[in-house]
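One structure below.
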Amino acid sequence: RKEVEQDPGPFNVPEGATVAFNCTYSNSASQSFFWYRQDCRKEPKLLMSVYSSGNEDGRFTAQLNRASQYISLLIRDSKLSDSATYLCVVYTSGYSTLTFGKGTMLLVSP
Amino acid sequence: DAMVIQNPRYQVTQFGKPVTLSCSQTLNHNVMYWYQQKSSQAPKLLFHYYDKDFNNEADTPDNFQSRRPNTSFCFLDIRSPGLGDAAMYLCATSRLSGKDTQYFGPGTRLTVL
């Protein structure tokens, strides 16, 4: 079983739409969770950390469900500039580094 | 104000010809990482350093070596590149430990002819 699984997409949405991505992780000992964004042929950059209580940053909302071992990212009022690949990233104690998912591609069209 | 710098940005080498990729950071971070990323795949960790302490991933081929001569610099040496080694190589840093935010350089895209 893959450690971090994501739907690769692409998710094609019009500007202004709301879109949600899910990610599942296999190790119940995982303790820290993040969403990174990667633009085409660029490096990954931290979008936001994911906290147990859920957290919001502008149009972006991240949620964590430990019981079901999944993380979600909700993007409201999509912009053209949101087009990118969104990487789900997990830190598991004992592994000493982050584990990246393959990413979900989002394409926002006019 | 680049914080993690990689050189060169594009590298073309011939099959079997050794190549060295470099990474430098101005963040004074303790941890440095090398990842390999192929198209539509997750970044794959090759190795990382906690300060001078080298950590090799179990499935990193022997063909890949690394050096960290000081806090700021880290090198990736590919001794005999094969066609399957063509990829984007990403360097990253984090402040103190593996769970801290990672800051990536722009990557070096390696082509093997």
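Observations on the model:
- The strands (runs of 3 or more DSSP E) falling completely within the stretch A:1-40 that include 2 or more residues that are of a type outside the set (Asp, Glu) and open to solvent by 60 Å² or more (accessible area, probe 1.4 Å) map to A:11-14.
- Options B:TYR89, B:TYR49: the member that is in contact with a Leu (Cβ under 7 Å, 6 or more places away or on another chain) and assigned to a strand (DSSP E or B): B:TYR89
- Residue within the stretch B:44-67 that is in contact with a Pro (Cβ under 7 Å, 6 or more places away or on another chain) and aromatic (Phe, Trp, Tyr) present: no
- When we screen A:ASP57, A:ASP7 for residues that are more than 27 Å from B:TRP34 (Cβ to Cβ), free of Cβ contacts under 8 Å to residues at least 12 places away in the same chain and not aromatic (Phe, Trp, Tyr), the only hit is A:ASP57.
- The single condition from (1) within 14 Å of chain A (Cβ to nearest Cβ); (2) closer than 18 Å to B:ALA86 by Cα; (3) touching a Leu at 6+ places or on another chain (Cβ under 7 Å) that B:SER40 fails is (3).
- Members of the stretch A:70-88 that are within 19 Å of A:ASN27 (Cβ to Cβ) and either among the basic types (Lys, Arg) or modelled with pLDDT under 95 (or both): A:TYR70
- Of all the criteria given as (1) more than 22 Å from A:PHE100 (Cα to Cα); (2) facing chain A (nearest Cβ under 9 Å), the one not satisfied by B:SER22 is (2).
- Sole exception among (1) open to solvent by less than 20 Å² (accessible area, probe 1.4 Å); (2) away from chain A (no Cβ under 14 Å) for B:ASP85, by number: (1)
- The listed residue being more than 10 Å from chain B (Cβ to nearest Cβ), touching a strand residue (DSSP E or B) at 6+ places or on another chain (Cβ under 9 Å), without any contact (Cβ under 8 Å) to a residue 60 or more places away in the chain and not in a strand (DSSP E or B), out of A:SER72, A:SER52, A:SER78: A:SER52
- Within the stretch B:92-113, tally of residues that are in a loop (DSSP other than H, G, I, E, B) and open to solvent by 10 Å² or more (accessible area, probe 1.4 Å): 8
Matching residues to (1) polar (S, T, N, Q); (2) modelled with pLDDT of 95 or more; (3) touching a strand residue (DSSP E or B) at 6+ places or on another chain (Cβ under 9 Å):
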residue: B:MET3; (1), (2), (3): no, no, yes
residue: B:TYR10; (1), (2), (3): no, yes, yes
residue: B:GLN37; (1), (2), (3): yes, yes, yes
residue: B:ALA42; (1), (2), (3): no, no, yes
residue: B:LEU45; (1), (2), (3): no, no, yes
residue: B:ALA58; (1), (2), (3): no, no, no
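- Residue identified as within 11 Å of another protein chain (Cβ to nearest Cβ), open to solvent by 10 Å² or more (accessible area, probe 1.4 Å) and free of Cβ contacts under 8 Å to residues at least 60 places away in the same chain among B:ASN70, B:ASN28, B:ASN55: B:ASN55
- Residue in the stretch A:47-54 that is among the hydroxyl-bearing types (Ser, Thr, Tyr), in contact with an Asp or Glu (Cβ under 6 Å, 6 or more places away or on another chain), on the phi < 0 side of the Ramachandran plot and open to solvent by 30 Å² or more (accessible area, probe 1.4 Å) present: no
The values are calculated or read from the model by the stated rules, or taken from the named source; none is laboratory data. Since this is a predicted model, take the numbers as computed values, not measurements. In this analysis, Cβ positions are derived from the backbone assuming ideal geometry, glycine residues included, and neighbour counts consider all displayed protein chains. Accessible surface is based on the protein model in full, side chains and every heavy atom, while ligands, DNA and RNA are left aside. Shrake-Rupley method; radii C 1.70, N 1.55, O 1.52, S 1.80 Å.
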